[in-house]
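Colleague: Here it is: the structure, laid out below.
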C-alpha cells in the first residue's frame, strides 16, 4: 500500500453549498442579510484512505434442554457425537473459503460498516448453528411414564374417610349399637342393625379408592420428557468476531482531518464514501480474518465573510460538516443578549427590554423555548435550532436570562393567576361543604373528605400553572408583535 494517501480534485462550489446554506440560515434574522455572507477562499481535496479491520473469531456454546425429539439440521444420537461435530466445525471454520466473505457481509450491514472499530464484538448469526443430541430420558428409562408416587404404582390408595377399614362409626348411635326410643327405653339401632358401624360410602366398603393422581392406572406421565421417552440437548454454537481496526497512514494526512477521524471513531462511516471492501486473501487459513477498505474523505479549509469580518472554518466529510468555526453568532446577537440580561436584572424594565431583545431571531427562539419547556430541554432545543455559530456559554446564558425576563415581565399575570387559583380553591371547598350539608351526610370524617382535601389544592395549583403559562405566552406574543424593526447591517 502507498505510504502517502492519494488526493483527488474536489468540486469546491458543490461542496461548499451545504455549509454556506447553514451559515446563511444562522445569520438570518440576526441583523445580517443572508446574501451578504460570502466565500472568500476555499482549499480542499478528496483524501483516498486505506483501512484494515482485523477480526478474531471466537465461539460460544449455549446449552439448553427440551422435551421430546427436537428436529434440526444437525441431529445426533448422543451428546458425545454432538460435541465432536462442534469441535470439527471449529477446526474447519477458518479454512472454509466462504467464511471471510460471510464475515465481511456481516460487517458492511452494520451502521459503522466495520470501519475502524475499537475492540467491538460482532455477532455472526449466519455462522451460528444448533447441534441437537437425542437422549433417552433417564427418569423413565425411555418409557414415557413412571410409577405413581401417590399410590406407589398400585392404582389405588387407602380410603381417607374410613382409613382402610371399609366401615365408619354409625352417626346415629355413635357406635353404641343402641338408641333411646320415643318411650324412653333403649333399643337396637335400626340404622346399623345393632352393629355400631356402617359400610363406608366413599369406598363402598372396599377400604380403598381409585388414585386421583394416576386415575387408577398406577403410572403417570414423565414430566422430564413430557411422555415421549426422549429429551433433546440443544447446543447453540454461536460465532462472534472481536473486531479492531486502524486507518493507515494517519500521519500522512492533514492534522485537522486526523483529529476529526479520531473523534468520530465508529461513526466515521457516516461521513465517508466506501469505495472498496474485500477480505485479505492471506488471512483465509487463519482465525484472524483481515478486511481491507478503501474510502474517500472530502475535506478542506474555507474562509467566509460575515458582517464584514473574516471567519475561518474547516469542512469535513460527505455531509460537509462545519468544524472549528468561531462563535460568530455571539457577536451578532450581543445587543439582544444584553437587553435580555438587563430585563432579568431590572424587573421594572423587563417588558421594554424584552421587545428590544426579540428583534434577534436566536433570542426569540430562546424565549419561545423557555415559554414551553423546562430550562434544560429549552437549551437543547435552542442549540439544535442553532447548530453553528452559537457557543454553549452564550446559549446557556440566553436560556437563563430569557426565563427570568419572562417571569419578570409577567409578574402581574402571575399575581392574577395566584388570586384566581385561591378563588378556585375556596369555591371548590365551599361547593363540597354545601354538598355535604344538603345531602344530610354526618359530620363525622369520611374517606371523601381526605380525597377532597387532596384534589382541591391540586386543582388550584394546576389552574394557577395554566394561567401563569398563558400570561407568559401573552407577554411574549405582544413583545414579538411590537418589537422594533431590526436594521440590517
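What follows draws every value from the coordinates through simple rules; no lab data is involved. Keep in mind that what you see is a predicted model, and the values were worked out from it rather than measured. A quick note on method: Cβ atoms are made from the backbone with ideal geometry, for glycine too, and the neighbour counts reach across all protein chains shown.
Colleague: Given labels modelled 7 Å from the Cα in the Cβ direction, how far is it in nm from residue 9 to residue 238?
Modeller: Taking the two extended label points, one gets 5.3 nm.
Colleague: Test of understanding: ordering 107, 367, 62 by Cβ neighbours within 10 Å, fewest first, what list do you get?
Modeller: With the sparsest Cβ surroundings first, the list reads 62, 107, 367.
Colleague: With r as the distance between the Cβ atoms of residue 217 and residue 188 and R0 = 41 Å, compute the FRET efficiency 1/(1 + (r/R0)^6) and round to 0.05.
Modeller: Details: r = 44 Å, r/R0 = 1.08.
Computed FRET efficiency for residue 188 and residue 217 comes out at 0.40.
Colleague: How far, in nm, would the chain grow between residue 145 and residue 393 when pulled straight, counting 0.36 nm per residue and subtracting the alpha carbon separation?
Modeller: Full extension from residue 145 to residue 393 adds 81.7 nm.
Colleague: May I ask you to compute the full-extension gain from residue 278 to residue 249, defined as 0.36 nm times their residue separation minus their alpha-carbon distance, rounded to one decimal in nm?
Modeller: Working: separation 29, 0.36 × 29 = 10.44 nm, distance 1.90 nm.
Full extension of this stretch gives 8.5 nm more.
Colleague: Here's another thing I want to ask about it. Just how far, in whole angstrom, is segment 64-122 from segment 312-382 if you go by their alpha carbon centroids?
Modeller: 55
Colleague: I've got another one for you. If you bin the C-alpha pair distances of segment 329-405 every 5 Å from 0, what whole percents do you get?
Modeller: With 5 Å bins starting at 0, P(r) equals 3, 20, 32, 26, 15, 4, 0.
Colleague: For segment 166-247, what is the convex hull volume of its Cα atoms per residue in Å³? If you can, show how the numbers build up before the last one.
Modeller: Working: hull volume 14.7 nm³, N = 82.
Each residue corresponds to 179 Å³ of Cα convex hull volume.
Colleague: Right, something else. Counting pairs of alpha carbon atoms under 8 Å apart in space and at least six apart in sequence, what relative contact order in percent does segment 329-405 give?
Modeller: 38
Colleague: If you average the alpha carbon positions of segment 34-51 and of segment 159-175, how far apart do those two centres end up, in angstrom?
Modeller: That distance is 104 Å.
Colleague: Still on this structure, please answer the following. Ranked by Cβ crowding within 10 angstrom, fewest neighbours first, how are 15, 293 ordered?
Modeller: Fewest-to-most Cβ neighbours within 10 Å comes out as 15, 293.
Colleague: Also, quick follow-up: What order do you get for 42, 316 when you list them from fewest to most C-beta neighbours inside 10 Å?
Modeller: Placing the least packed residue first, the sequence is 42, 316.
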